[in-house]
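J.: Let me give you the structure first, and then I'll get to my questions.
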Protein chains: 2
Amino acid sequence: MLCGGVGAARFMRALAGVHHATDTTAVINTGDDNSLYRLAISPDIDTVTYTLASAIDLDRGWGLSGESWRAMDALNRYAKVMPSGSAAAPTWFSLGDQDLATHLYRTSRLAEGASLTKVTAEIAAAWGLEQRLLPMSDEAVSTMVTLRDEGVEVPFQEYFVKCHHQVAVAGLRFQGASEAQLTGPARSALIDSEVVVIAPSNPLVSIGPIRALPEVDKLLGRRRDSVVAISPIVGGVALKGPADRMMLELGHEPSAAGVARLYASIAATLVIDPVDEALVPAIEATGMRAIVTPSVMSDIEIGQQLARRVLAAGRE
Amino acid sequence: MLCGGVGAARFMRALAGVHHATDTTAVINTGDDNSLYRLAISPDIDTVTYTLASAIDLDRGWGLSGESWRAMDALNRYAKVMPSGSAAAPTWFSLGDQDLATHLYRTSRLAEGASLTKVTAEIAAAWGLEQRLLPMSDEAVSTMVTLRDEGVEVPFQEYFVKCHHQVAVAGLRFQGASEAQLTGPARSALIDSEVVVIAPSNPLVSIGPIRALPEVDKLLGRRRDSVVAISPIVGGVALKGPADRMMLELGHEPSAAGVARLYASIAATLVIDPVDEALVPAIEATGMRAIVTPSVMSDIEIGQQLARRVLAAGRE
């Protein structure tokens, strides 16, 4: 699977009910990774990890359930004396006390010279996961967002968290992507897996950074018939996050048909919800086959049914 | 004041009752500073800060009162999967959730290019302190301890915390001290202050690193008459920590007289407790004057009386 955060994590959890976890590999976006307090933070990897471990906070949609915020509360004391121009206590980005442990461990291991691939596997093992979770790259790729009204380019998390993704976007850039490499295990997974699933994640900022790495589109294009994408846009709106507005702002139709146009060169099949059945001709016009099945994973049964259809489509 | 951690902090708190806080400057040992999880940790600065803010945990002797340990508890999950040879989750060193905020802020500010002097002042201001707290240097100095039985040299915190300072010491080295500089404000304080007090801290590993910086002994020697040291050894034992054993192991007499021999070249006066009155001749033989007054700060009244005597001695 090519994965972003929440949507990918939910699909993977459903998939675990119909396919061996040990035969499942996630290649996860790291374009959102950032460094605060010199800690290495990997939001999408953590969302997938915590979700598969049933430890995610479902209401908040990120971080751990039963979390406490003592460190962040204590940071407010320092935020008040922080000189103007300093961003040393960025109170717009909350790290829970338990979540901090993940970042502390990752940071220490990276400083010891371990690769992000290695550390991600260790953290997944610590949570008892059997799926193979892989960062897309061990090298830094930073998704940069140009804000339309301000005309400035900011790192993704600043757009997403600080601005609550409420501002219009005028451009995207994946800094470092053309020099970075897909990891060896991720490359093997994209070549050797029976089926590649593109998760119902934001096509531009979640799947986009993975595709911006050298070779990825070429590798997928070569095996296009067994690549199945799940549309994250249902009835013209994103199930989660700003994918619909962002697509519109960047010149893409915010619909399953718009998603098809983005994926047609790398995936033969697009799975869409019955609410979008009228878009089948538009999707087929891109060269993709459309499979219509409930794709809003409101309960585990729908999720597992979706997972079965996706796997079957990739095997056909 | 030349300061280590606990003893220095307690004396400074007493001093605040008899002398304007705004006219008090602490030059604090940073030889114990270490980096865990890439966080910049300054144990002695924090002990002085938290103590003066009445926020220290008095029972534990370090860290904040009312502290929680959620991040450290969560780290245990990762400690279990940590590959052998890794020290990424060093569970021997506990950082409380609120205390983490101090390290996160310091780390961020240093990464922004602020000096440790500047950050220390900001943190002191955040706690409402009026005393001027200065790190001895803005450059890294690392106190290294050679363990006698193992024959290996380890950073101070590993000796102090991991080994609970229960192992014998065969040597001390202040790595980086000869290339590091006393900060400008610390230098001015040592020259211009009416009185310099050497706090009742470990002479070897708390005051030692400060003295290992270029110029310090020379600056103090020039104004020796107004430098007053308080013996941290009372009745042959350290009030706190391993100073007595460490002095013995490193060839110094573990007594107020042994302290006098260490300080005679830089301080004219040594303040000792009545229990050590018999040592007055031995102290005077070093060329120091001995002042006998209760120096075990078991209550605030004794501490303030001690502070008055120390100031008076320095002004004579």
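Just so you know, all these numbers are worked out from the coordinates, no wet-lab data involved. All figures in this text were calculated on a predicted structure; none of them were measured in a lab. Methodologically, a virtual Cβ is constructed for each residue, glycine included, from the backbone with ideal geometry; neighbour enumeration extends over all protein chains shown.
J.: Give me a single rounded figure for A:79-87: the average over its residues of other chain Cβ atoms within 10 Å of their Cβ.
T.: 4
J.: Given q = 0.05, 0.10, 0.11, 0.12 Å⁻¹, what are the Debye log10 I(q)/I(0) values for the protein assembly as shown, with equal point scatterers placed on the Cα positions and solvent ignored?
T.: Listed by q, the Debye log ratios stand at -0.31, -0.88, -0.99, -1.11.
J.: If the range A:42-181 were replaced by its equivalent ellipsoid, with semi-axes equal to the square roots of 5 times the Cα gyration tensor eigenvalues, what would those be, largest first, whole Å?
T.: Rounded to whole Å, the semi-axes are 26, 22, 16.
J.: Moving on to the next point. Other chains' Cβ within 10 Å of A:116-129 residues: what's the mean?
T.: 2
J.: Can you give the angle from 0 to 90° between the axis of helix A:43-52 and the longest principal axis of chain A, with both taken from C-alpha atoms, to the nearest 10?
T.: 70 degrees
J.: Using modelled backbone amide H atoms (1.01 Å from N, in-plane), which distant-in-sequence or interchain residues come within less than 5 Å of A:Leu36's amide H?
T.: A:Ile41
J.: What gaps in nm, shortest first, separate A:Ala312 from its twins in the other copies when you place the label 7 Å past Cα toward the beta carbon?
T.: Ordered by increasing distance: 9.5 nm.
J.: For the range B:156-278, restrict the atom set to alpha-carbon positions and state the Rg and Dmax in Å.
T.: Answer for the range B:156-278, Rg first and Dmax second: 14.8, 41 Å.
J.: Another question, if that's okay. Bin by bin, in steps of 5 Å, what percent of the Cα pairs in the range A:226-305 do you find, going until the bin that has the longest distance?
T.: 3, 18, 27, 25, 19, 7, 1, 0
J.: I've got another one for you. In a GNM of chain B with a 10 Å cut-off on Cα contacts, which of B:Gly113, B:Gly17, B:Gly176 has the highest mean-square fluctuation?
T.: Comparing B:Gly113, B:Gly17, B:Gly176 in a Gaussian network model of chain B, the most mobile one is B:Gly113.
J.: Bin by bin, in steps of 10 Å, what percent of the Cα pairs in the range A:1-119 do you find, going until the bin that has the longest distance?
T.: Pair shares across the bins are 12, 38, 34, 12, 3, 0.
J.: Check the straight Cα-Cα distances from B:Lys162 and name the lysines below 20 Å, setting aside those fewer than 8 residues away within the same chain.
T.: The qualifying lysines are B:Lys80, B:Lys240.
J.: Evaluate E = 1/(1 + (r/R0)^6) for A:Phe93 and B:Arg60, where r is the Cβ-Cβ distance and R0 equals 30 Å; express this FRET efficiency to the nearest 0.05.
T.: According to the calculation, E is roughly 0.50.
J.: Once the Cα atoms of helix B:6-15 and of chain B are each reduced to a long axis, what angle between those two axes, in degrees from 0 to 90 to the nearest 10, is obtained?
T.: On a 0 to 90 degree scale, this one is about 50.
J.: Right, something else. Go through A:Gln175, B:Ala14, A:Leu279 and say which Cα lies farthest out towards the positive end of the charge dipole of the protein assembly as shown; charges sit on Cβ, +1 for Lys and Arg, -1 for Asp and Glu.
T.: Most positive-ward Cα: A:Gln175.
J.: Run the label-point distances for B:Ala285 please: 7 Å along Cα to Cβ, every other copy, nanometres, shortest first.
T.: The projected label point of B:Ala285 is separated from its counterparts by 10.4 nm.
J.: Can you compute the modelled spin-label distance between B:Ala285 and B:Ile302, with each label point 7 Å from Cα toward Cβ, in nm?
T.: Taking the two extended label points, one gets 2.8 nm.
J.: What does the copy distance list look like for A:Ser188, label position 7 Å along Cα→Cβ, in nm and ordered from shortest?
T.: Between copies, matching label points for A:Ser188 lie 6.2 nm apart.
J.: Continuing with this model, one more query. Which whole-number percent gives the relative contact order of the range B:40-143, counting Cα pairs below 8 Å spaced six or more residues apart?
T.: Relative contact order for the range B:40-143 comes out at 27 percent.
J.: Turning to a different aspect of this structure: Across the residues of B:34-41, average count of Cβ atoms on other protein chains within 10 Å?
T.: Mean partner shielding for this stretch: 5.
J.: Given the options B:Asp73, B:Asp138, B:Asp44, state which has the largest fluctuation in a GNM of chain B using a 10 Å cut-off (strictly under) for Cα springs.
T.: Between B:Asp73, B:Asp138, B:Asp44, it is B:Asp73 that shows the largest mean-square fluctuation.
J.: Under 8 Å for C-alpha pairs, at least 6 residues apart: give me the relative contact order for chain A, rounded to a whole percent.
T.: 18 percent
J.: Here is a follow-up. Using only the alpha carbons of chain B, what is the convex hull's orientation-averaged projected area in square nanometres?
T.: Mean orientational projected area (chain B, Cα hull): 15.8 nm².
J.: Ordered by packing density, taken as the mean number of other Cβ atoms within 10 Å over each peptide's residues, highest first, how do A:293-300, A:211-218, A:238-245 rank?
T.: Taking the mean over residues of other Cβ atoms within 10 Å, the ranking is A:238-245, A:211-218, A:293-300.
J.: Find out how many positive minus negative residues lie around A:Ala26, taking Lys and Arg as positive, Asp and Glu as negative, among other residues whose Cβ is under 11 Å from that of A:Ala26.
T.: Computed value for this residue: 0.
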